[in-house]
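Undergrad: Before anything else, here's the structure in question.
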Amino acid sequence: MFVYWLMFLLPAWASFFKVRNTRAAVLFGWAAAWLALALLIGFRHEVGGDWFNYLAHYEANYYMSFWDAVERFDPAHGAMNWLAYRMDWGVYGINLVYGAIFSLGLIAFCRAQPRPLLALAVAVPYLVVVVGMGYSRQGVAIGLAFFALLALAERNTVKFVVFVAIAALFHKTAVVLIPIAALASTKNRVWTAAWVGATGVLFYFLYLQEAADSLVSGYVEAKMASEGGAIRVAMNAVPGLLFLLNRKRFRLDKAELALWTWISAIAVLFVPILVVSPSSTAVDRVALYFIPIQMYVFSRLPDALWRGRHRLAVSGGVVAYYGLVMFVWLTFGTHAKYWLPYQFYPLVDV
């Protein structure tokens, strides 16, 4: 448990200070943060609810050809497992690559925010600890989705689509992000909607068509329920609602305002969808791609809504809120036992 708290408290504490450093020092600090996150995610041992499932994916390559692996799993995940098995990297090698990609996207997104360390602190309790260390494939997809969102904020729709396409190779559900490009478009809307829509249809046939039946039967028809799913959806809806009610105060350009307005609206919309959906698990897994709204809004909230000394109080409130989230989950979460204690591979007997 100490490791998790250290991951949270270091950026949370540092977010209260303004330190004037050289560009080289800042880059070194973020590089160190990226390396630490990648190593902690990559070399975790028997940590995460799906750790043994991913171990089974790796060991299954004993009898599978490359194309068997690609067809059985999501393409990039199958290829990575096949390569790692042939290179004798072990499941730790795969987790390290996944952790490195996830952490790189996370840090790139944090650095684009006005209070990057506060954004990182917001990400740790759930996105890093639970998703990054638990849902490995979806963690990679979300890491790539960060790059996609940054591209879309810069009006680079093509780059956005490319990153989402790569993310979908690791976890098919990433294709749910495609419509955002059309919705958030501020120029050439008809043309953008046409080619993005065509791309979405193409992605469906390439990625989802064969898996659609199993996804529906596995999540919807089986009425799978995620314990805590309502809480996680609400955690996205709160910053989404704050943004929608105070859009002008965030002082964004037209493209970025459109993007985060739509993301906020969708995050709020997940609440009634969760109520009527036969499967909270399906809604919960899709809502993971909208977690960036938490980092985006709460890292900007102190400057958007208050001025002067009140900003410090708002930052403190954000840190306290996410500290409470981590405490409650680690202490009372039903599945937290799969994350406790944290074990680092070279320091345990296997």
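The values are calculated or read from the model by the stated rules, or taken from the named source; none is laboratory data. Predicted model only: the values in this text are computed from it and were never measured. Here the Cβ positions follow ideal geometry from the backbone for every residue, glycine too, while neighbour counts run over all protein chains shown.
Undergrad: Checking Tyr62 against (1) of a type in the set (Ser, Thr, Tyr); (2) at pLDDT 90 or above; (3) loosely packed, with under 15 Cβ neighbours inside 10 Å, which single condition isn't satisfied?
TA: Only one criterion is unmet by Tyr62, namely (2).
Undergrad: Here is a follow-up. Would you tally the residues in segment 18-45 being part of a helix (DSSP H, G or I) and surrounded by 12 or more Cβ atoms within 10 Å (Cβ to Cβ)?
TA: If we filter segment 18-45 for residues that are part of a helix (DSSP H, G or I), which is where we start, we get 23-42.
Cutting the leftovers down to surrounded by 12 or more Cβ atoms within 10 Å (Cβ to Cβ) gives us 26-30, 33-42.
Number of matching residues: 15.
Undergrad: Would you say Thr261 is modelled with pLDDT under 90 and of a type in the set (Val, Ile, Thr)?
TA: no
Undergrad: Taking interchain pairs and intrachain pairs at least six residues apart, which have beta carbon atoms under 8 angstrom, with the first residue in segment 1-25 and more than 24 Å from Tyr338 (Cβ to Cβ) and the second among the charged types (D, E, K, R)?
TA: Matching pairs, first to second residue: Ser15/Arg115.
Undergrad: From the list Ile180, Ile142, exactly one residue is under 18 Å from Leu252 (Cα atoms), touching a helix residue (DSSP H, G or I) at 6+ places or on another chain (Cβ under 8 Å) and touching a residue at least 60 places away in the same chain (Cβ under 8 Å). Which is it?
TA: Ile180
Undergrad: Now for a different question. So which of Leu340, Leu324, Leu330, Leu312 ends up being outside any helix (DSSP H, G or I) and either buried (at least 22 other Cβ atoms within 10 Å of the Cβ) or among the aliphatic types (A, V, I, L, M) (or both)?
TA: Working: Leu324 fails: outside any helix (DSSP H, G or I); Leu330 fails: outside any helix (DSSP H, G or I); Leu312 fails: outside any helix (DSSP H, G or I).
From the options Leu340, Leu324, Leu330, Leu312, the qualifying one is Leu340.
Undergrad: Pick out the one residue from Leu288, Leu269 that is assigned to a helix (DSSP H, G or I), under 17 Å from Met133 (Cα atoms) and of a type in the set (A, V, I, L, M).
TA: Of Leu288, Leu269, the one residue that is assigned to a helix (DSSP H, G or I), under 17 Å from Met133 (Cα atoms) and of a type in the set (A, V, I, L, M) is Leu288.
Undergrad: Suppose we filter Phe327, Phe344 for residues that are within 28 Å of Tyr92 (Cα to Cα), without any contact (Cβ under 8 Å) to a residue 24 or more places away in the chain and of a type in the set (Phe, Trp, Tyr); which single one remains?
TA: None of the others qualify; the one that does is Phe327.
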